[in-house]
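Q: Dropping the structure in here first, questions after.
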Amino acid sequence: MRLILLGPPGAGKGTQAQRLVEKHGIVQLSTGDMLRAAVAAGTPVGLKAKSIMEAGQLVPDEVVVAIIADRIGQPDASKGFVLDGFPRTVPQAEALDKLLADRGLKLDAVIELKVDEGILLKRIETRVAEMTARGEKVRSDDKPEVLKGRLDAYRAQTAPLAGYYDAKGMLRSVDGMAPVDQVTAALDGILKPSKTA
């Protein structure tokens, strides 16, 4: 099963991706996590991405596509994967289509988590407050002012992906503002007919 979860930052893609991983035995491919790992490891890609990410901007396509290409080829991704945070642009989606086709693979579904941005900002502010209360380090890209910039970037660059995948007949939408368990149930309903490995 190969899936893409679309939705703005804070829409719950990571939470739902984790549940899909547990239920279907696939891996979560989060470009954010992979890039943060590269930053922490001080790799050339990580150093290049660090200042861009701290400013809340998007990392260049060629860097992200290279990371995804390597990751999809790893043994634990052979049963399938859920992409969380990629593709972010139509050119990235086209690069992913080519990458998968070159490997004889295809996507099973593209699911958009639709959200209300005003409520989303409040959700992020609450998450930051909870992390701070627990003594956890708040990532720079979780700060509300950075999120506002990321939402602007999402609307301009990533929202057109819904049209791209809808034109291919692949897009399904779920109310991302619903309680977490209801969102999970909606995803299960979408994925039930296409239980391919």
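Q: Considering the options TYR165, GLN182, GLY104, tell which one lies farthest towards the positive end of the dipole of segment 88-195, charges being +1 on Lys and Arg and -1 on Asp and Glu at the Cβ, about the Cα centre.
A: It is GLY104, whose Cα lies furthest towards the positive end.
Q: Right, another one. For segment 25-146, rounded, prolate or oblate, judged on the Cα gyration tensor with a ≥ b ≥ c (square roots of eigenvalues), a/c < 1.5 rounded, else prolate if a/b > b/c?
A: Details: a/c = 1.88, a/b = 1.50, b/c = 1.25.
Taking the square roots of the gyration eigenvalues as a ≥ b ≥ c, segment 25-146 is prolate.
Q: Which links in LYS122/LYS148; LYS114/LYS148; LYS114/LYS143; LYS13/LYS122; LYS23/LYS79 stretch past 19 Å when you go from one Cα to the other?
A: Working: LYS122/LYS148 11 Å; LYS114/LYS148 17 Å; LYS114/LYS143 21 Å; LYS13/LYS122 17 Å; LYS23/LYS79 12 Å.
Listed pairs above 19 Å: LYS114/LYS143.
Q: Determine how large the accessible area of LYS48 is when every protein chain is in place; take a 1.4 Å probe and give Å² rounded to the nearest 10.
A: 110
Q: Now for a different question. Lysines near LYS98 by alpha-carbon distance under 17 Å, same-chain residues fewer than 8 away left out - which ones?
A: LYS106, LYS168
Q: Still on this structure, I have one more. Considering Cα pairs under 8 angstrom that are at least six residues apart, work out the relative contact order of segment 121-188 and quote it in whole percent.
A: Reported as a whole number, the value is 19 percent.
Q: Shifting gears a bit: For segment 43-95, what is the accessible area per residue in Å², given a 1.4 Å probe and the full set of protein chains? Walk me through the numbers on the way to the answer.
A: Details: 2500 Å² over 53 residues.
Ligands and nucleic acids excluded, the figure is 47 Å² per residue.
Q: Let me ask something additional. Keeping all protein chains in the complex and leaving out DNA, RNA and ligands, what accessible area do you get for LYS79 with a 1.4 Å probe, in Å² to the nearest 10?
A: 120
Q: Segment 121-164: D in µm²/s via Stokes-Einstein (Kirkwood Rh, Cα pairs, 4 °C, 1.567 mPa s)?
A: Calculated translational D: 112 µm²/s.
Q: Could you look at the chain and say what percent of its accessible area is carbon and sulfur, using a 1.4 Å probe and all protein chains?
A: Here carbon and sulfur together make up 55 percent of the probe-accessible area.
Q: How much accessible surface area, in Å² rounded to 10, belongs to the heavy atoms of ARG19 with a 1.4 Å probe?
A: Spelled out: ARG19, probe radius 1.4 Å, area about 80 Å².
Q: Where the centroid of each part is defined by its Cα atoms, how far is segment 56-117 from segment 2-48 in Å?
A: One Cα centre to the other: 10 Å.
Q: Kirkwood Rh over Cα pairs of segment 1-60 into Stokes-Einstein at 4 °C, 1.567 mPa s: D in µm²/s? Numbers along the way, then the final one.
A: Details: Rh = 12.8 Å.
So the translational diffusion coefficient is about 101 µm²/s.
The values are calculated or read from the model by the stated rules, or taken from the named source; none is laboratory data. Since the model is a prediction, treat every value here as computed from it, not as a measurement. Virtual Cβ from ideal backbone geometry, glycine too; neighbours counted across all protein chains shown. SASA here: full protein model, heavy atoms, side chains in, ligands and nucleic acids out. Shrake-Rupley method; radii C 1.70, N 1.55, O 1.52, S 1.80 Å.
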